[in-house]
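Scroll down for the structure; my scribbles are underneath it.
The values are calculated or read from the model by the stated rules, or taken from the named source; none is laboratory data. Bear in mind the structure is a predicted one, so any value in this text is a computation, not a measurement. Glycine also receives a Cβ, built like all others from the backbone with ideal geometry; neighbour counts cover every protein chain displayed. We work out accessible area using only protein heavy atoms, side chains counted, and drop any ligands, DNA or RNA first. Shrake-Rupley method; radii C 1.70, N 1.55, O 1.52, S 1.80 Å.
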Amino acid sequence: MKWGQALLDLLFPVCCPGCGAMTDAEHPWCEACVRQFWNPRMIQSAHSRDLEGCYTCCQYTAGIRDCIIQLKYYGKRNLKRCFPMLLARFPWWERLASYPIAVPVPLSRRRRESRGYNQCDLIFQDFMKNLGKTYEAELLVRLRDTKVQSTLDREERRKNIRDAFHINRGRRIEGQCILLLDDVYTTGSTMEEAARELKRAGAAAVMGLTLASGAP
Ligand SMILES: [Zn+2]
């Protein structure tokens, strides 16, 4: 470890976000907590006309679930340090090499302004740039607020999200292969709708990646 980092760790000790155990900045999660939620996989149900599939890193449970909730709803931006370690362990980056453009699922402008950030950017942006992907935070636009999805069933979610996304004016994506990013995959209706808009605008293929999912 570099001296600078060692000194920082001494001054500002890093604790596991799951259990509070002392860890270090490069590996903020302890292994016991990671074991509770680490479950990289291709989500079985994630396949539609417009979405090739969707990978996820974690089961949406235990420490990672709390961590995402704190990041999204309690303004804990500094939890951004918890994600690179997990993304670095994702075992199939080479399968995603043919998707050079990374696009986060956007928030509506109103929600973006009240939250102050899109959690997807905090989770993925730096990591994707380090991987050499082009991170296009502004490519998709969410036109309207949708009702809170978690209270709706699958069919209601689909209606709720219909036509919610547009490509930012003037952006061209014909023939591009796009990696679509979100924090959590639930029923997939959000991701499928965003993929539908990307394909409508000419994208050649859209593959999903989320940090966590409770879907089988
Ligand atoms: Zn822990």
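The table below gives the values:
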read-out: Segment 154-173-segment 83-144 distance, computed between alpha-carbon centres (Å); value: 17 Å
read-out: Ranking by accessible area, most exposed first, for THR190, THR151 with a 1.4 Å probe; value: THR151, THR190
read-out: Label-point separation in nm, ARG109 to ARG169, each point 7 Å along Cα→Cβ; value: 1.0 nm
read-out: Sulfur and carbon atoms: percent of accessible area, the chain [1.4 Å]; value: 51 percent
read-out: Net dipole in debye of the chain [+1 Lys, Arg Cβ; -1 Asp, Glu Cβ; about Cα centre; nearest 20]; value: 600 debye
read-out: Among ALA6, GLN176, TYR55 the positive-end extreme of the charge dipole of the chain (Cβ point charges); value: GLN176
read-out: ARG200-SER98 pseudo-label distance in nm [points 7 Å out on the Cα-to-Cβ vector]; value: 2.6 nm
read-out: Area accessible to solvent at PHE127, 1.4 Å probe radius, in Å²; value: 40 Å²
read-out: Per residue value of the accessible surface for the chain (all protein chains in place, 1.4 Å probe), Å²; value: 52 Å²
read-out: Expected 222 nm ellipticity per residue - DSSP helices of 4 or more, -39500 (n - 2.57), all of the chain, to 500; value: -10000 deg cm²/dmol
read-out: List MET22, MET42, MET191, ordered by accessible area with a 1.4 Å probe, largest first; value: MET22, MET42, MET191
read-out: Candidates SER45, SER114, SER189: whichever shows maximal mean-square fluctuation once the chain is modelled as a Gaussian network with Cα springs under 10 Å; value: SER114
read-out: Nearest-10 value in Å² for the accessible area of LYS199, using the 1.4 Å probe; value: 60 Å²
read-out: Hydrodynamic radius of the chain per Kirkwood, over alpha carbon pairs, in Å; value: 17.9 Å
read-out: Accessible area (Å², 1.4 Å probe, nearest 10) - ARG162; value: 110 Å²
read-out: Full-extension gain in nm, VAL141 to TRP3, via 0.36 nm per residue minus C-alpha separation; value: 45.4 nm
read-out: Label-point separation in nm, CYS19 to LYS129, each point 7 Å along Cα→Cβ; value: 3.4 nm
read-out: Rotationally averaged projected area of segment 142-216 (alpha carbon convex hull; nm²); value: 5.2 nm²
read-out: Largest to smallest accessible area among GLU31, GLU26, GLU193, GLU136 [probe 1.4 Å]; value: GLU26, GLU31, GLU136, GLU193
